[in-house]
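Reviewing the structure listed below.
The values are calculated or read from the model by the stated rules, or taken from the named source; none is laboratory data. Since the structure is predicted, the reported quantities are computational estimates derived from the model, not experimental observations. Neighbour counts are summed over all protein chains in view; Cβ atoms, including those assigned to glycine, are modelled from backbone coordinates with ideal geometry. Calculation scope for accessible area: heavy atoms of the full protein, side chains included, ligands and nucleic acids excluded. Shrake-Rupley method; radii C 1.70, N 1.55, O 1.52, S 1.80 Å.
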Amino acid sequence: MLNDSWTKIHFGFRPWGKHAKWILVVLLVLGVALPLLAAGGGGGDPSAATQFPPPLNGYNDKKLDGILEIIMLRAKEQPFNVVATLIFFLAIMHTFLSARLLDLSHRLEHKHEDAIDRGEAKAGSVHMGARLLHYLGEVEAVFGIWALVLMGAITLFFDWTTTKYYISHDVNFTEPLFVIAIMTLSSTRPILKLSELLMWRIANFFGGMLVAWWFTILTVGPILGSFITEPAAMTISALLLSQKFYKLNPKESLKYGTLALLFVNVSIGGTMTHFAAPPVLMVAGPWNWDLTFMVTNFGWKAVICILIVNSVYYYFFREDLRKLQLKYAVVRLGNQLRSAYMPSERMLAEFEKTESILEKELKFGERLDDKFEHIKSDIRNKIVKDLVGKVVDLNSPEAQSLFDKVFEEKFADFRKTPMTGVELFEWAFESRFAEIKEHEMGRAVPGLLPKRSRPTYIDPSWNMREDFVPYWVMLVHVLFMAWTVANAHYPVLFMGGLLFFLGFTSVTKHYQNYLDLKVPVLVGFFLAGLVIHGGVQAWWIEPVLGRLGELPLMFGAMVLTAFNDNAAITYLATLVPDLSDDLKIAVVAGAVTGGGLTVIANAPNPAGLSILKGFFDGGVSPVKLLQYALAPTLITFAVFYLLL
């Protein structure tokens with residue numbers, strides 16, 4: 001019979017109670033069944049899975065012309081299509097609910113903290129329901145979560161071998177892995193300092209104040225995406241905006257307007273070259289688009305669009321930016337004063353003298369040791385009473401007799417030890433007390449511990465320090481980025497380069513910020529889930545793209561991009577036979593102009609969201625993002641169409 005302690009696990013909404021045993025049984029059964037299921041599937045016979053997803057030329061719709069007719073026929077011939085698309089749209093709806101889930105999780109966490117303060121919940125415990133809701137509210141996790149549902153549907157409609165083959169062979173995870181690598185590289189301190197130096201020169205040319213920085217980051221940053229790739233440009237631009245702009249706490253409308261501009265501009269800013277933007281990468285090879293073609297058909301138009309939309313939003317928010325400029329001027333002046341007259345090294349040296357003051361002048365260490373001895377005596381007496389029934393002098397014969405008797409009853413191996421009961425107790429108590437004492441001193445007053453015993457100090461302001469980064473360190477980082485971009489289609493090479501890079505950051509950690517891999521990995525997880533879903537949406541997207549004229553096709557690609565990654569849209573366009581050159585340009589133009597409408601519209605968007613979402617109360621609202629992205633999207637759409 002299971003111990004009653006299992007039933008005391010609190011999940012947040014209610015105790016598991018009587019259901020705990022059944023939950024444990026189900027988990028055990030799944031733990032045994034899933035490996036057996038996987039083993040039973042073998043290695044995945046390619047011949048058994050080559051018809052999934054069903055090939056587009058396998059449907060009996062050659063004589064049909066209407067888009068709706070074709071979609072209805074394909075849904076009837078393969079009912080799984082409807083299920084896969086329903087799961088995909090449920091995942092999209094989940095992204096719109098993510099902010100509400102995060103808000104609910106925070107409320108539950110606060111209630112649990114209040115319960116701890118009242119003594120109604122155990123100190124140090126967590127509210128599992130709140131933790132679960134927080135995970136479900138992470139936008140980056142949504143498509144990965146629903147990918148599990150899709151995999152379950154594939155297994156039910158087909159079999160596990162088909163599921164394994166689809167995930168292992170049909171889905172291409174190169175882009176998610178590339179984004180993880182390039183985000184890790186571009187978010188490092190040397191790259192940020194180099195980018196900041198470049199933009200500082202431009203911003204200073206225009207006065208160096210907030211508006212100059214705002215305009216420069218939203219213009220130069222996205223255009224850099226054509227050379228360092230869009231994910232890198234998004235990471236750098238978002239980080240600089242967080243430091244120069246969002247930390248000033250602008251009003252909500254300006255926050256969303258700036259985020260929308262960033263997403264739209266990065267989506268079109270990478271179109272000057274044929275290797276930097278994911279939607280262009282998908283078509284450059286099949287359609288033989290080179291650097292010259294991209295510059296003449298997309299690049300110069302993108303620059304014009306970026307300048308126009310930035311100017312329009314500047315005019316619209318000029319009063320808000322002017323008010324914010326005053327706050328920026330104070331912050332900028334304060335930073336200059338701190339750098340010139342209040343260097344951190346000088347002030348830290350003064351504070352380090354307090355360690356000797358505490359010990360030599362105030363005798364703080366001695367007084368603290370006296371207090372610990374008092375605490376030790378009280379705790380020892382309580383434990384002795386619990387063990388032998390009363391407080392006794394441990395040096396007395398009575399204590400020897402009582403402890404020997406108790407230990408013989410409680411511990412079968414006691415007589416095999418060369419120690420008396422009192423000696424064993426004293427040894428165990430002293431070692432445990434020393435362990436707890438060191439832990440608590442490390443938490444509360446680590447400076448009084450011997451240097452070798454002090455816990456590692458994590459400086460919360462380390463990433464904001466003003467130290468200079470040597471140019472040779474910047475150069476090495478640029479070379480690592482160049483290696484990653486040059487080998488963007490070869491995961492083994494660029495991920496191997498990333499591992500070497502992590503070693504280099506360890507060697508040069510004095511010049512680095514804290515390396516946080518959580519954000520790049522979460523963004524990669526988001527994109528991995530998206531490509532899993534995107535691989536089974538061709539059945540309805542292909543007829544839409546293949547049967548429209550120039551303007552409807554461009555508009556349709558822009559709208560579809562809001563519901564699917566724009567790289568998936570352009571990839572599906574390469575499957576449409578006999579597409580004219582004008583229609584090819586139209587579909588790519590539509591896909592890149594719609595890349596800022598939603599988080600899922602363009603692969604780099606989740607990177608920017610992860611960096612900036614903390615500045616939005618309750619997270620970024622997909623509805624408000626769409627609202628503020630509509631104007632720049634329609635402007636860029638109009639410019640690209642008029643200049644086709």
>> With open to solvent by 80 Å² or more (accessible area, probe 1.4 Å), touching a residue at least 24 places away in the same chain (Cβ under 8 Å) and either part of a loop (DSSP other than H, G, I, E, B) or not hydrophobic (A, V, I, L, M, F, W, C) (or both) as the only criterion, which of HIS169, HIS94 stands out?
In response: HIS169
> Which members of segment 507-552 meet the condition of being β-branched (Val, Ile, Thr), closer than 22 Å to PHE178 by Cα and open to solvent by 20 Å² or more (accessible area, probe 1.4 Å)?
Replying inline: VAL519, VAL521, VAL531
> Given (1) hydrophobic (A, V, I, L, M, F, W, C); (2) out of contact with any helix residue (DSSP H, G or I) (no Cβ under 6 Å at 6 or more places or on another chain); (3) under 16 Å from PRO552 (Cα atoms), where does ALA589 come up short, assuming only one miss?
Replying inline: (2)
> Any idea which of LYS111, LYS122 is surrounded by fewer than 18 Cβ atoms within 10 Å (Cβ to Cβ), out of contact with any Gly (no Cβ under 9 Å at 6 or more places or on another chain), among the basic types (Lys, Arg) and free of Cβ contacts under 8 Å to residues at least 12 places away in the same chain?
Replying inline: LYS122
>> What's the total number of residues in segment 185-239 that are assigned to a loop (DSSP other than H, G, I, E, B) and either of a type in the set (Ser, Thr, Tyr) or surrounded by 22 or more Cβ atoms within 10 Å (Cβ to Cβ) (or both)?
In response: 3
>> Would you confirm whether or not segment 507-518 contains a residue that is at pLDDT below 85 and assigned to a helix (DSSP H, G or I)?
In response: yes
> Looking at segment 97-146, which of its residues are acidic (Asp, Glu) and in a helix (DSSP H, G or I)?
Replying inline: ASP103, GLU109, GLU113, ASP114, ASP117, GLU140
> What's the number of the condition SER610 fails, among (1) surrounded by 24 or more Cβ atoms within 10 Å (Cβ to Cβ); (2) part of a helix (DSSP H, G or I)?
Replying inline: (1)
>> Tell me yes or no: at least one residue of segment 357-379 is part of a loop (DSSP other than H, G, I, E, B), surrounded by 11 or more Cβ atoms within 10 Å (Cβ to Cβ) and modelled with pLDDT under 65.
In response: yes
> Among the residues of segment 584-634, which ones are of a type in the set (A, V, I, L, M, F, W, C) and within 19 Å of the chain's Cα centre (by Cα)?
Replying inline: VAL599, ILE600, ALA601, ALA603, ALA607, LEU609, ILE611, LEU612, PHE615, PHE616, VAL620, LEU625
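State which residue is nearest to LEU630 (Cα to Cα) when the search covers only segment 576-598 and only residues that are of a type outside the set (Asp, Glu) and surrounded by fewer than 24 Cβ atoms within 10 Å (Cβ to Cβ).
THR598
Conditions (1) at pLDDT below 65; (2) under 29 Å from the mean Cα position of the chain (by Cα); (3) farther than 30 Å from PHE501 by Cβ; (4) surrounded by 10 or more Cβ atoms within 10 Å (Cβ to Cβ), marked per residue:
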residue: TRP427; (1), (2), (3), (4): no, no, yes, yes
residue: LEU449; (1), (2), (3), (4): yes, no, yes, yes
residue: SER453; (1), (2), (3), (4): yes, no, yes, yes
residue: THR456; (1), (2), (3), (4): no, yes, no, no
residue: VAL469; (1), (2), (3), (4): no, yes, no, yes
residue: VAL473; (1), (2), (3), (4): no, yes, no, yes
residue: VAL478; (1), (2), (3), (4): no, yes, no, yes
>> ALA573 - would you say it is buried (at least 23 other Cβ atoms within 10 Å of the Cβ), among the small types (Gly, Ala, Ser) and within 29 Å of the chain's Cα centre (by Cα)?
In response: no
> Any chance segment 553-565 includes a residue that's modelled with pLDDT under 85, within 30 Å of the chain's Cα centre (by Cα) and open to solvent by less than 20 Å² (accessible area, probe 1.4 Å)?
Replying inline: yes
> Among (1) open to solvent by less than 20 Å² (accessible area, probe 1.4 Å); (2) in contact with a Pro (Cβ under 9 Å, 6 or more places away or on another chain), where does GLY137 come up short?
Replying inline: (2)
> If a residue has to be surrounded by fewer than 23 Cβ atoms within 10 Å (Cβ to Cβ) and within 17 Å of the chain's Cα centre (by Cα) to count, how many in segment 240-279 make the cut?
Replying inline: 1
